[in-house]
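Right, one structure below, let's go through it.
The values are calculated or read from the model by the stated rules, or taken from the named source; none is laboratory data. None of these values were measured; they are calculated from a predicted model. Every residue, glycine as well, gets a Cβ built from its backbone with ideal geometry; the counts of neighbours run over all protein chains shown. The area values use the complete protein model at the heavy-atom level, side chains included, leaving out ligands, DNA and RNA. Shrake-Rupley method; radii C 1.70, N 1.55, O 1.52, S 1.80 Å.
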Amino acid sequence: MLQDIQDRGRRPPATLQELKYQIAKRQIVFPDRLEQVARLIIERPEMIAFESAATIARNCRVSQTTVHRLAQHIGFQTFGEFRAMIRNHLRKTAANRR
């Protein structure tokens, strides 16, 4: 799966807005279980920024492996990289509100 993304020359999204755009334009399409997790993350990005993969999995009623696969499906090497992108988004959003 990750190899497919690399073969197409696509890098992971740099921002949450870019991820939302790619989903809206169907540049990223999710299998059912991954879509279930992706929807929750887009609705509540603070969840991925501050919760463990295990907690996210429990909240979405999927396995922890599914949460890690979501990050890879989007184009990240690890869940930690995905989390870092979301944290950066939240940090910038908070700074802009000041």
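Right, HIS89: of a type outside the set (S, T, N, Q) and open to solvent by less than 40 Å² (accessible area, probe 1.4 Å) or not? Yes.
If I go through region 48-86 residue by residue, how many of them are surrounded by fewer than 16 Cβ atoms within 10 Å (Cβ to Cβ) and within 25 Å of GLN27 (Cβ to Cβ)? Show your work before the answer.
To start, the set of residues in region 48-86 that are surrounded by fewer than 16 Cβ atoms within 10 Å (Cβ to Cβ) comprises 50, 52, 54-55, 58-59, 61, 63-65, 77-78, 80-81, 84.
The next check asks that each one be within 25 Å of GLN27 (Cβ to Cβ); those that pass are 65, 77-78, 80-81, 84.
Counting residues in region 48-86 that are surrounded by fewer than 16 Cβ atoms within 10 Å (Cβ to Cβ) and within 25 Å of GLN27 (Cβ to Cβ) gives 6.
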